[in-house]
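Some notes on the structure that comes next.
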Amino acid sequence: MDHADFRPRRPGPPPGPEDPTGRDALRRRRVVDFALRRRGVLADLREGVSALREVCDADVYLLRAASFHGVETGTVCPVCRKENLTEVSWVFGDDLGAASGSARSADEIEQLALTHDAFTVHVVEVCRSCSWNHLVESYEVGLASGEGRRVRRAVRDLRRHR
């Protein structure tokens, strides 16, 4: 007999397709880091291949979202070096309805992930001084396909019975 058979069970949900705690919905999947592309854009700017107006082109909606939903980072703007960059997270997904295509805080993204089918989050860094902006990363969070509707219905039923 193998000693592995006598190991104590770990606390938490049993392994399997179902995750009653919702932790799996918060796990980032399909993460894409755009750091290499960012370095290339900045190198092109330094070498004169790209013009300043081509890379510092944040629109008014992105700048407003940075003010209201953004999180200031410890990274100084690589273009103007006047202030720290702000990261803004945008959510996109069919199950999100009107929330799709909007900027959201980390807490709002967590709540959406626990009640909606999988959706994509795009994190954009922006400088509010010079309008530099670049996609930093994208990832997927949320419930398995079709689970969001079931969870929202259960929550609605719980609220009715209170």
(request) Express in whole angstrom the spacing between the alpha-carbon centres of region 101-152 and region 55-95. (result) 14
(request) For residue 51 paired with residue 82, estimate the spin-label separation in nm (one decimal), with each label point 7 Å from Cα along the Cα-to-Cβ line. (result) 2.0
(message) Probe radius 1.4 Å, ligands and nucleic acids ignored: give me the carbon and sulfur share of the accessible area of region 50-162 as a rounded percent.
(response) 48
(message) If DNA, RNA and ligands are ignored and the probe is 1.4 Å, what is the ranking of 54, 108, 125 by accessible area, most exposed first?
(response) 54, 108, 125
(request) Indicate the gyration tensor shape class of region 31-157 (rounded, prolate or oblate), computed on the Cα atoms with a ≥ b ≥ c the square roots of the eigenvalues: a/c under 1.5 is rounded; otherwise a/b larger than b/c is prolate and the rest oblate. (result) prolate
(request) Could you order 86, 73 so the one with the most accessible surface comes first? Probe is 1.4 Å. (result) 73, 86
(request) Working with all protein chains in place, sort 37, 160 by solvent-accessible area computed with a 1.4 Å probe, largest first. (result) 160, 37
(request) With a 1.4 Å probe and every protein chain left in place, tell me how much accessible area residue 44 has, in Å² to the nearest 10. (result) 50
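The values are calculated or read from the model by the stated rules, or taken from the named source; none is laboratory data. Treat the numbers as computed from the prediction; the structure is a model and nothing was measured. Note: ideal-geometry Cβ built from the backbone for every residue, glycine included; neighbour counts use all protein chains shown. These accessible areas exclude ligands, DNA and RNA; they are computed on the full protein's heavy atoms, side chains included. Shrake-Rupley method; radii C 1.70, N 1.55, O 1.52, S 1.80 Å.
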